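Take a look at the structure set out below.
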Amino acid sequence: MKNKPNKHKAIATSVSAAYGKIAPAFVQYTEEVLFGEVWRRSELSLRERSLITVSALMTGGNVKQLDYHFKLAKENGISEEELAEAVTHLAFYTGWPRADSALQALKTGFENE
C-alpha cells in the first residue's frame, strides 16, 4: 500500500542557514527526506510524530534539539502540560537528569513565547 502524505504546511527548519554552505547534502536530506517525506507519511499524525520525536530526543539526551521540537510539537497540537507529563513519565525510564534537562528546555521555550 502506497503512503499518502499528510496535507499540512511545510515544516520550517533553519538547517539551510546553519549548514547550507558546509553540508548541502545534509540540508537536502533534512528538508526533502526527513521533513518532506518521513514526517508526511500518513500512518502517524504530525502530533504523534512530535511526541515520539520529543521522547526520543529526551531519551538520547539531545537537549539542544528539544527547543525546536517542543515548538513544533506545540504547532502540532500538543500542550505544554502534555509535554511536561510526557517528560515526567519518561523520567522513570530515562533518568532524572535527562528529565530535568528536558523540563528546563520546555520551561525556557514556553517562557520565550
When the stretch 85-108 is examined, which residues are found to be modelled with pLDDT under 95 and among the β-branched types (Val, Ile, Thr)? Thr108
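Name every residue in the stretch 17-37 that is hydrophobic (A, V, I, L, M, F, W, C), under 19 Å from the mean Cα position of the chain (by Cα) and part of a helix (DSSP H, G or I), in order of residue number.
Ala17, Ala18, Phe26, Val27, Val33, Leu34
Would you mind stating whether Glu31 is of a type in the set (Asp, Glu) and touching a helix residue (DSSP H, G or I) at 6+ places or on another chain (Cβ under 7 Å)? So that I can check it myself, show each step before the final result.
Details: of a type in the set (Asp, Glu): yes; touching a helix residue (DSSP H, G or I) at 6+ places or on another chain (Cβ under 7 Å): yes.
So Glu31 fits the description; yes.
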Please enumerate the residues belonging to the stretch 98-113 that are more than 17 Å from Ala56 (Cβ to Cβ) and open to solvent by 20 Å² or more (accessible area, probe 1.4 Å). Asp100, Gln104, Lys107, Thr108, Phe110, Glu111, Asn112, Glu113
For the stretch 40-67, which residues satisfy the criterion of being of a type in the set (A, V, I, L, M, F, W, C) and touching a helix residue (DSSP H, G or I) at 6+ places or on another chain (Cβ under 6 Å)? Val54, Leu57, Met58, Val63, Leu66
Report, ordered by the first and then the second residue, all pairs with beta carbons closer than 9 Å, sequence separation of six or more or different chains, a first member in the stretch 61-73 that is basic (Lys, Arg), and a second member that is open to solvent by less than 20 Å² (accessible area, probe 1.4 Å) and assigned to a helix (DSSP H, G or I). Lys64/Ala105; Lys71/Gly109
Qualifying position, being under 26 Å from Lys107 (Cβ atoms) and at pLDDT below 95, among Ser50, Ser14: Ser14
Here's a check for you: in the stretch 38-53, which residue that is touching a residue at least 24 places away in the same chain (Cβ under 8 Å) and either assigned to a helix (DSSP H, G or I) or buried (at least 16 other Cβ atoms within 10 Å of the Cβ) (or both) is farthest from the chain's Cα centre (by Cα)? Arg40
Candidate set from the stretch 54-83 (those that are more than 8 Å from the chain's Cα centre (by Cα) and polar (S, T, N, Q)); member that is surrounded by the fewest Cβ atoms within 10 Å (Cβ to Cβ): Ser79
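The values are calculated or read from the model by the stated rules, or taken from the named source; none is laboratory data. What you see is a predicted model; the values in this text were computed from it and never measured. Cβ sites come from the backbone with ideal geometry, for glycine too, and all protein chains shown count toward neighbours. Note: areas computed on protein heavy atoms with side chains; ligands, DNA, RNA excluded. Shrake-Rupley method; radii C 1.70, N 1.55, O 1.52, S 1.80 Å.
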